[in-house]
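Inspection log for the structure reproduced underneath, given as structure tokens.
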Amino acid sequence: MTTGAQTPTHFDTRPRRSRLRTVLPLGLAAWLALEIWLLTVVAGAAGGFTVFLSLLAGFLLGSVVIKRAGRRAFQNLNEALQRGTPPSSGGGSGLMMLGGLLLMIPGLASDALGLLLLLPPVQKAVGRYAQRTVDSRLRAATPGTVGEAFQQARMHRPDGKVVRGEVIIREDERGGDERGETPQDRRPPLTP
């Protein structure tokens, strides 16, 4: 029995895989192979106990760095909220946390990269590169994407100041406001 519908000439109608979804697993596998190879080379040259101690020291140093960077970021946020200004983007707390996380991951290459991210000149360079990349992606965002939503949500004032104000609704003679609501129609405020 035929329905008259034509059969498709090509069967692969799935969208193409993004380059990131193809490269990321291969990159992680190569990184893991590099870490294992480095651990075996260093263990052969210096001994297994030395490798164990270096991994333990990296874990402890990473946890201290993450705790310190988190405390600094929280302190900056509290100070900014008390001043009523947006938090400063300086400080590199995010990159310090990433460096601490890389120190905590077992492996010598990740430890070296984590220590590199703790250096202030490297943090500044990586931060500038990341800011330029994010800005260019947001400028190139097409309508209807997440990037376009972030672009619309950004504050476009060059000084970054927040203007505080309040909404005043005028009431007319009969007790209703300009929207026609009477005091009985109004809802209580959401915040106490």
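Numbers below:
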read-out	value
Ordering of 36-46, 102-112 by burial proxy (mean other Cβ atoms within 10 Å per residue, highest first)	102-112, 36-46
Cα-Cα separations in region 44-85 greater than 12 Å, expressed as whole percent	69
Region 13-123, relative contact order [Cα under 8 Å, separation at least 6], %	27
Accessible surface of residue 138 - all protein chains present, 1.4 Å probe, nearest 10 Å²	20
R0 of 30 Å, Cβ-Cβ distance residue 32-residue 74: FRET efficiency to nearest 0.05	0.35
Listed residues 19, 71 arranged by accessible area, highest first, probe 1.4 Å	19, 71
Cα gyration tensor category, rounded, prolate or oblate, for region 16-127 with a/c compared to 1.5	oblate
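The values are calculated or read from the model by the stated rules, or taken from the named source; none is laboratory data. As the structure is a computational prediction, the values presented were derived from the model and not from experiment. Every residue, glycine among them, receives a Cβ derived from its backbone with ideal geometry; neighbour counts consider all protein chains shown. Heavy atoms of the whole protein, side chains included, go into the accessibility calculation; ligands, DNA and RNA do not. Shrake-Rupley method; radii C 1.70, N 1.55, O 1.52, S 1.80 Å.
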